[in-house]
Structures are given as structure tokens and as C-alpha cells.
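Worksheet: the structure to be examined is printed underneath.
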Amino acid sequence: MMSAQISENKPSPSRWMEPRKFAMLLAMGSMTMFFAGLTSALLVKKADIGSWEFFKLPGIFAFSTILILISSGTIQLMLRSYKAADWFKYRLWLGITLLLAVGFAIWHFIGWTQLTALGMPPDGGNPSGGFVYVISGAHLAHMLGGVVVLMILFFRAVRRRKDPSFALIHTENPRKLLNQELIVMYWHYVDALWLYLFIFFYVNY
């Protein structure tokens, strides 16, 4: 009788996904549809052979792809360190991820200047070059949203590195862990999205 009463009072695990993770998945779905529309428009325009111009994508985009793939690994190490309450490694991997992200953005801008040197300026050039600017620029804008979050997390972690309450709050508050998991989810998504876009460019140019 007593055991039955205890089992009734024990909270059962929720069958529903955590609302913020569900919202993140919805956001990812909408972004996927957005980029699917852009790449579909590229294929439609490409069918107009009379105005489409083929060119070789600058090699620096391949190097930026390597950077973002590495950042997917470092951000996972960041999350592992967070769960292990290893705050030194957490700050280290968070800082490295942030540097890789900034490097990705810088190399993107350099790639755009190389496109212009190839005769594909962002305005007034061939539509084939314009699609690269629009699609890669849209991806970079989505990625920079994640960079802003990483910067906030990094500066908070560094600023409070000597505050003993920092470790306590982040160990005891499950919402803090959820925040870390959400940014990792988003980061893996934008990384995978860029890999798809890079392969798409490579195949279609």
C-alpha cells in the first residue's frame, strides 16, 4: 500500500519534448525551407543556358568549410566540458569555437572579393555569381546570430571565472545546461547547412 502510494506521487518523465528544443527544431525547419527555395531558384535560373555563366568557386571557400567543420567538433567538446564542470576547458573550447567562427566569416569576405576579381561583382554581374552572394550571405547572417550567442557566453564565462557562484549556478540550474545544448544544436545545424551549400555550389558550378 505504501509503495503504491509512493509510486503514484513520483513524477513520471514527460513524453513531450522540451518546448525550447521543439521551437529550435521548428526554426531549423523554416530555415531549411528558406534555403531549399534559394537553391531551387538557382537550379531554375541555371536552366536558362543563354544567361548562365559557369565559373570555378574560389578555393578559399573550401578552407572556410574546413574551419566550420572543425568548429562543430570544438563546440561539442565545449558541451562535454560543461557537463563535466571542467570550467577551464569549457572556456578554452568556447573561445576556440568563437575564433573559428570569426575566421570563417573573414574568409567568406575574402572569397567574395575573389569572386569580384573573377568578374562576378555583387551588383551588375551575371546571375550565377549573384546567387553565390545571396545564398552564402544568407547563411553567414544566420551563422552570425549564433556567433553573438557564443560571444555572450564567452564573455560571461571569462568575466566570472573567479566567481565561485558561477560554478554553483551552472551546476545546479538545468536551464543553464539547456542554453548550452540549444546553441550546440543550432551550431551543428548551420555547419551541416553550409556543408550542403558548399557541395551544392561545387556540383552546380
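The values are calculated or read from the model by the stated rules, or taken from the named source; none is laboratory data. What you are looking at is a predicted structure, and each value in this text was computed from that prediction instead of being measured. Here Cβ is always computed from backbone atoms with ideal geometry, including for glycine, and neighbour counts include all displayed protein chains. In case anyone asks, the SASA skips ligands and DNA or RNA and just uses the protein heavy atoms, side chains included. Shrake-Rupley method; radii C 1.70, N 1.55, O 1.52, S 1.80 Å.
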Out of curiosity, is Ile70 outside any helix (DSSP H, G or I), open to solvent by 30 Å² or more (accessible area, probe 1.4 Å) and either over 14 Å from Trp187 (Cα atoms) or at pLDDT 95 or above (or both)?
no
Listed by range, helices (runs of 4 or more DSSP H) wholly within the range 76-188 having at least 2 residues that are closer than 30 Å to Pro58 by Cα are 87-117, 127-159
Does Tyr196 satisfy the criteria of being at pLDDT 90 or above and open to solvent by 70 Å² or more (accessible area, probe 1.4 Å)?
yes
Considering only residues of the range 121-152 that are buried (at least 20 other Cβ atoms within 10 Å of the Cβ) and of a type outside the set (Gly, Ala, Ser), which is nearest to Lys89 (Cα to Cα)?
Leu150
Count of the range 148-197 residues which are within 22 Å of the chain's Cα centre (by Cα) and among the basic types (Lys, Arg)
3
